[in-house]
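S.K.: Below you will find the structure I want to go over with you.
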Amino acid sequence: MAIPLQIRAQAAAAQLAFALPRPVRRLLAGSPVRLDGQQLDVDVQLLLRLQRISGGGLVPGSVGHSRAMLEAGQQVVNGRQLEGIATREVVIPSGDVSLDATLYAPAGLPEPSGLLVFYHGGGWVVGSRKSHDNAARYLAKHAGVRVLSVEYRMAPEHPFPAPVDDAIAAFDFAHAKAADLGADPDRIAVGGDSAGGNLSAVVALETTRRGGPAPAFQLLIYPAVDFTTRRRSRDLFTEDFFLTDEMITWFQNHYLTPDSDKSDPRLSPLLASDHSGLPPAYLVTAGFDPLRDEGEAYAEKLRAAGVPVALSRQSDLIHGFLNFTGIGSRFREAVAELAGALRQGLAEPKTTS
């Protein structure tokens, strides 16, 4: 689709604004925002201000309009496409349907390598492989792994549990076809942001409980993990920080059906009766994110069950920062950290002589 004029203008303004010296960016962003003992990063604050001026950001409307606006909006924050990554289209069977996927492989990466099965965010309603193309490329390049980015079915056309079924099918496919994908079947991770983090946690839980094969690692990026409880962070950051309370409700209303049980662990993995034996996890939250507290509660639940977990709160950032690496160094710092965690989580075991 053609990029709307307002998006093109926003992209040009953003590139100019974020290239300015820090004192000038602070002047444009306004007085520092402090809340809950945290201070919002100046580049985050500037981004939010530019979005308000341009009318961009996640604004609930029709599903079609919301999808189009998200795709176009990535022109602002993704930056130039990262080079040095080979791509190959893959078709994944899931029940009676086929899912499209893209395999990303850094140039020169030997086989077999670690592999991340990646589920994009977007509230199970918006987002795509295209919107998360540079995110997948960044993880592949900086973690030194292959990335299989999955186009799972989305609501409202395909509500719960269709995305869950697709996510599990994609992991099973990756494990079964590891050799064809250039991957080591013992070094396959699941990961994703927001709704994709939810699907990743659910895949790890469901595959472990059935007795495997299961992922070797979980990369959970500000995941949604509990549909039943409204925590403090959702009230603190209900608006003005990219993901709003209104948007969360909008997403959930499209994903759930009247028969959905919000306490089902396939929706709310935090509520599973047993988390023991799950693969090690790196879980990152954003300080100014309505989903912050439930993500951190999940890390604590995993830790209590004896699961190795590293929790990292990026206290000065907002929901969605995985996709903001094209603007502002602070976003790249945070994503580089999680890429490093993925690299370590899928490192080839050392052999002893």
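The values are calculated or read from the model by the stated rules, or taken from the named source; none is laboratory data. Quick caveat: nothing in here was measured; it's all calculated off a predicted structure. Cβ: placed from backbone, ideal geometry, glycine included. Neighbour counts: every protein chain shown. Just the protein is used for accessible areas: all its heavy atoms, side chains included, with ligands, DNA and RNA removed. Shrake-Rupley method; radii C 1.70, N 1.55, O 1.52, S 1.80 Å.
S.K.: Which pairs turn up if I take residues in the range 292-308 that are small (Gly, Ala, Ser) and at pLDDT 95 or above and look for partners that are in a helix (DSSP H, G or I) and crowded, with 20+ Cβ neighbours inside 10 Å with beta carbon separation below 7 Å, at least 6 apart in sequence or on another chain?
M.R.: Close Cβ pairs satisfying both conditions: ALA297/LEU270.
S.K.: Further question: Out of all the residues in the range 271-286, is one or more open to solvent by 30 Å² or more (accessible area, probe 1.4 Å), free of Cβ contacts under 8 Å to residues at least 60 places away in the same chain, among the hydrophobic types (A, V, I, L, M, F, W, C) and outside any loop (DSSP other than H, G, I, E, B)?
M.R.: Checked against the condition, which is being open to solvent by 30 Å² or more (accessible area, probe 1.4 Å), free of Cβ contacts under 8 Å to residues at least 60 places away in the same chain, among the hydrophobic types (A, V, I, L, M, F, W, C) and outside any loop (DSSP other than H, G, I, E, B), the range 271-286 yields at least one hit.
S.K.: Can you run down the residue pairs with Cβ atoms below 6 Å, 6 or more apart or on separate chains, where the first is in the range 112-138 and of a type in the set (Val, Ile, Thr) and the partner is in a strand (DSSP E or B) and surrounded by 24 or more Cβ atoms within 10 Å (Cβ to Cβ)?
M.R.: That search, which allows pairs on different chains as well, returns VAL117/LEU148; VAL117/VAL190.
S.K.: Among the candidates VAL125, VAL117, which residue alone is assigned to a loop (DSSP other than H, G, I, E, B), buried (at least 20 other Cβ atoms within 10 Å of the Cβ) and at pLDDT 95 or above?
M.R.: VAL125
S.K.: Return the pair list, or none, for Cβ contacts closer than 8 Å from residues in the range 208-234 that are over 22 Å from ALA334 (Cβ atoms) to residues that are hydroxyl-bearing (Ser, Thr, Tyr) and in a loop (DSSP other than H, G, I, E, B), at least 6 apart or on different chains.
M.R.: Final answer for the pair search is ASP226/SER268; PHE227/SER263; PHE227/SER268; THR228/SER263; THR228/SER268.
S.K.: Which of the helices (runs of 4 or more DSSP H) contained wholly in the range 135-241 include at least 2 residues that are among the β-branched types (Val, Ile, Thr) and within 20 Å of PRO269 (Cβ to Cβ)?
M.R.: 162-176, 195-209
S.K.: Could you list, in sequence order, the residues of the range 22-51 that are outside any helix (DSSP H, G or I) and open to solvent by 60 Å² or more (accessible area, probe 1.4 Å)?
M.R.: Scanning the range 22-51 gives SER31, ARG34, GLY37, GLN39.
S.K.: Filter the range 194-209 down to the residues that are open to solvent by 10 Å² or more (accessible area, probe 1.4 Å) and touching a helix residue (DSSP H, G or I) at 6+ places or on another chain (Cβ under 9 Å), then identify the one that is farthest from VAL125 (Cα to Cα).
M.R.: The extreme case among them is GLU206.
S.K.: Say we look at the range 292-315 and pick out the residues that are out of contact with any helix residue (DSSP H, G or I) (no Cβ under 7 Å at 6 or more places or on another chain) and of a type in the set (A, V, I, L, M); which of these is surrounded by the most Cβ atoms within 10 Å (Cβ to Cβ)?
M.R.: Here the answer is LEU302.
S.K.: I need the full set of residues from the range 144-155 which are buried (at least 24 other Cβ atoms within 10 Å of the Cβ), touching a strand residue (DSSP E or B) at 6+ places or on another chain (Cβ under 7 Å) and of a type outside the set (Lys, Arg), in order please.
M.R.: If the condition is that a residue be buried (at least 24 other Cβ atoms within 10 Å of the Cβ), touching a strand residue (DSSP E or B) at 6+ places or on another chain (Cβ under 7 Å) and of a type outside the set (Lys, Arg), then VAL145, VAL147, LEU148, SER149, VAL150, TYR152 are the ones that fit.
S.K.: For the range 210-243: of the residues being surrounded by fewer than 20 Cβ atoms within 10 Å (Cβ to Cβ) and hydroxyl-bearing (Ser, Thr, Tyr), which is nearest to GLY320 (Cα to Cα)?
M.R.: Checked the range 210-243; the qualifying residue nearest to GLY320 (Cα to Cα) is THR238.
S.K.: Also: Return the residues of the range 160-177 that are buried (at least 19 other Cβ atoms within 10 Å of the Cβ) and in contact (Cβ under 8 Å) with a residue 12 or more places away in the chain; say none if nothing qualifies.
M.R.: PHE160, PRO163, VAL164, ASP166, ALA167, ILE168, ALA169, ALA170, PHE171, PHE173, ALA174, HIS175
S.K.: Let me ask something else. Of LEU322, LEU311, which residue is assigned to a helix (DSSP H, G or I) and in contact with a strand residue (DSSP E or B) (Cβ under 8 Å, 6 or more places away or on another chain)?
M.R.: Result of the check over LEU322, LEU311: LEU322.
S.K.: Can you run down the residue pairs with Cβ atoms below 9 Å, 6 or more apart or on separate chains, where the first is in the range 323-349 and over 20 Å from ALA12 (Cα atoms) and the partner is open to solvent by 60 Å² or more (accessible area, probe 1.4 Å)?
M.R.: Sorted first by the residue in the range 323-349, then by its partner, the pairs are VAL335/HIS142; ALA336/HIS142; ALA339/LYS141; ALA339/HIS142; GLY340/HIS142; LEU342/HIS142; ARG343/HIS142; PRO349/ASP186.
S.K.: Still on this structure: Restricting to the range 52-98, and then to whatever is surrounded by fewer than 18 Cβ atoms within 10 Å (Cβ to Cβ) and among the β-branched types (Val, Ile, Thr), can you tell me which residue is nearest to ALA135 (Cα to Cα)?
M.R.: Per the criteria, the residue is THR87.
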